[in-house]
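Each remark here refers to the structure printed beneath this line.
The values are calculated or read from the model by the stated rules, or taken from the named source; none is laboratory data. The structure displayed is predicted, hence computed values, not measured ones. Quick reminder, even Gly has a Cβ in these numbers, built from the backbone with ideal geometry, and neighbours come from all protein chains shown. These accessible areas exclude ligands, DNA and RNA; they are computed on the full protein's heavy atoms, side chains included. Shrake-Rupley method; radii C 1.70, N 1.55, O 1.52, S 1.80 Å.
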Amino acid sequence: GAGSYPHSAVLDGAGAYRLHWGRRGSALALRLEVRTRGYVGFGLSASGGMASADIVVGGVERGQPYLQDYFTDENRVLKKDPQQDYHLEYAMENSTHTILAFSRELHTCDTNDKSITESTVRVIWAYHHKDMGEAGKNYHGANRGTKSLRLLNPEREEVSSASLPYFDLTNKDVPVPDKDTTYWCQMFKIPVQHEKHHVTKVEPLIQKGHENLVHHILLYQCSSNLNDSVLDYGHECYHPNMPDSFLTCETVIFAWAIGGEGFTYPPHVGLSIGTAADPLFVLMEVHYDNPSFTEGLIDNSGLRLIYTPVLRKYDAGVIEAGLWVSLFHNIPPGMPEFVSEGHCTLECLEEALGAERPAGIQVFAVLLHAHLAGRAIRMRHFHNGEEQKLLAYDDEFDFNFQEFQYLKEERTILPGDNLVTECHYSTVDRIRMTWGGLSTRNEMCLSYLLYYPRINLTRCASIPDIMEQLQFIGVKEIYRPVRTWPFIIKSPKQYKNLSFMDAMNKFKWSRSEGLSYNQLVLKLPVNVRCSKTDNAEWSIQGMTALPPDIERPYKTEPVICSSSSCLSCSLFLLCIVYITASTIGNTGPFV
């Protein structure tokens, strides 16, 4: 029943492969319903590819159920796992479908298995019209694919919203270009303006047949000082010709990604709309994924916001914490691992919380955000200098799967706290510098915190000092006063009259130089960003602060694993494995 499998997702566009899952103590219970009478494959992979994956294959052959634990090596060769950790609960087959139910410990003591954590998991799936015996090891010709999911999301109590009013923000006949990736932006005005209401739920409205085309949707709050002319037309986001009004939309208020559900606010909290302090103009960004370059697609997808006049106890707010998006955030090329940190400083929280909410705010969900070079993100929380449990983490970050993670328990943030957003990047496949910026080939390192009660703090971020970064590559002086952006270098001779971006690209980066540069950047003084709504600032803004003296990078806690295959022998094995964010190379598509 649904009780034991509270979560479900359709893994393929055709709806032929459905996964149901739920946590049971220290194990994960899974049930697959697949439209085939042959074998069904399911796996966990670091890259979304077939290499180094943890795989289980099962089915029903001539009335006999089978389930086998396999793994693949880095050359994608399928091997039977000597330690069988997937346990079949039942299997059945009817005239169209095969259904398999099985379970596995979250942390087995098997190096061929992937540990299941709160990070994003790239699930790989396959099915074949023949059973494993007939098809043999030949798994080509199988239907296959990959999907990112969070398997350990906490469950949420659903409050019925059947009879509540709603409004839709949907694209109107957007022509989807015949290219791989398009980000389409459209401004909307919130239609509820006369009295206060609470949005309690946001749901995706995906046009039928476009389930694989619409990859993610983000909703940003914009400046309230715009006029209605901004509503007239949409435009590609991150484009040199996009309207200036788009640049005023910085705070994410909602995020949905393929495979995800809608977002429900906790029962005591709502997103306030209808008053002067509330979002009036919002920008919806839709990421279209069209890898087959199909022409002539017209899309009308978007979002439904369900709201109620029955006010909840608290208004929700959003704080953008991390690295201020600018060229002062940069990552050298050819680095398998580079760490950036954004600081929501003690000074900013002290001032804003001290003035508005000395008793602290309650964080209930977090969205971790980077771009295509991002590999892992951790949100660290310090109270009076002492590290608390991570607020949120994703050691398997996937740019195309961004959603708010609900916290298991609400977390109080107090004056005297500071937050560090730690982002790990890989630029092994790049030959030029990567710069902080809006485009997906640029980078970001941000955490969006959903919290209550709402206070007047929208951004709590930092910028590292640029002059010390340039001294690293040997820059001596720049032309002053600064009249052009990016500014121009005066000496030494090899960089004369180059912009600082060109100088950084001209420098010969090696891995060891990149590493020394990384150590330098993490210790540089930072410029504090501490903003209120509509570009007002707390007085600490623009001040210089030192990054906290902390252990870097964050050390993951050891997890206790239990080998379920040893339960039958009297020896019960317990071992401790450290789960570390491994740097993942691009292993290519799922073939």
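The table below gives the values:
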item: Cα gyration tensor, the range 7-149 - rounded (a/c under 1.5), prolate or oblate; result: rounded
item: Ordering of 36-47, 192-203 by burial proxy (mean other Cβ atoms within 10 Å per residue, highest first); result: 36-47, 192-203
item: Rounded accessible area per residue of the range 55-122, 1.4 Å, Å²; result: 45 Å²
item: Rounded accessible area per residue of the range 182-226, 1.4 Å, Å²; result: 41 Å²
item: Zone residues, the range 516-547, relative to Ser224, backbone N less than 16 Å from point 7 Å out along Cα-to-Cβ; result: 532-537
item: Using distinct alpha-carbon pairs, which all enter the 1/r mean, Kirkwood radius of the range 466-524 in Å; result: 11.9 Å
item: Charge dipole of the chain about the Cα centre (unit charges at C-beta), most positive-ward option of Trp538, Ser292, Tyr39; result: Ser292
item: Counting DSSP beta bridges with both ends in the chain, the antiparallel % (nearest 5); result: 95 percent
item: The range 165-245, dipole about Cα centre (Lys/Arg Cβ +1, Asp/Glu Cβ -1), debye to the nearest 20; result: 240 debye
item: With Cα atoms, 0 to 90° folded angle of helix 511-523 axis to the chain main axis; result: 60 degrees
item: Distance (nanometres) between label positions extended 7 Å along Cα→Cβ at Val77 and Leu247; result: 5.6 nm
item: Surface per residue (accessible, 1.4 Å probe) for the range 466-524, Å²; result: 61 Å²
item: Vicinal HN-Hα couplings computed from phi for the range 478-487 (Karplus, 6.51 cos²θ - 1.76 cosθ + 1.60; Hz; Gly/Pro x); result: 10, 6, 10, x, 6, 10, 10, 10, x, 5
item: Gain in span if fully extended, His210 to Asn384, counting 0.36 nm per residue against the direct Cα distance; result: 57.7 nm
item: Rounded to whole Hz, the Karplus (6.51, -1.76, 1.60) HN-Hα couplings of the range 241-255, x for glycine and proline; result: 8, 5, x, 4, 4, 4, 6, 8, 9, 10, 8, 6, 9, 7, 9
item: Pair Val482, Leu414: separation of 7 Å Cα→Cβ label points (nm); result: 3.8 nm
item: Separation in nanometres of the label points that stand 7 Å from Cα toward Cβ, at Lys496 and Leu231; result: 5.8 nm
item: CD proxy at 222 nm, helix term only [per DSSP H run n ≥ 4: -39500 (n - 2.57); per residue of the chain; nearest 500]; result: -2000 deg cm²/dmol
item: Of all accessible heavy-atom area on the chain, the percent that carbon and sulfur account for (1.4 Å); result: 51 percent
item: Chain lengthening between Glu195 and Gln68 when straightened (0.36 nm per residue, less Cα-Cα); result: 39.8 nm
item: Between the range 368-411 and the range 277-342, the alpha-carbon center distance in angstrom; result: 15 Å
item: Dipole axis of the chain (+1 Lys, Arg; -1 Asp, Glu on Cβ), positive-most option in Val57, Val199, Leu498; result: Leu498
item: Rh (Kirkwood; distinct C-alpha pairs) - the chain, Å; result: 25.8 Å
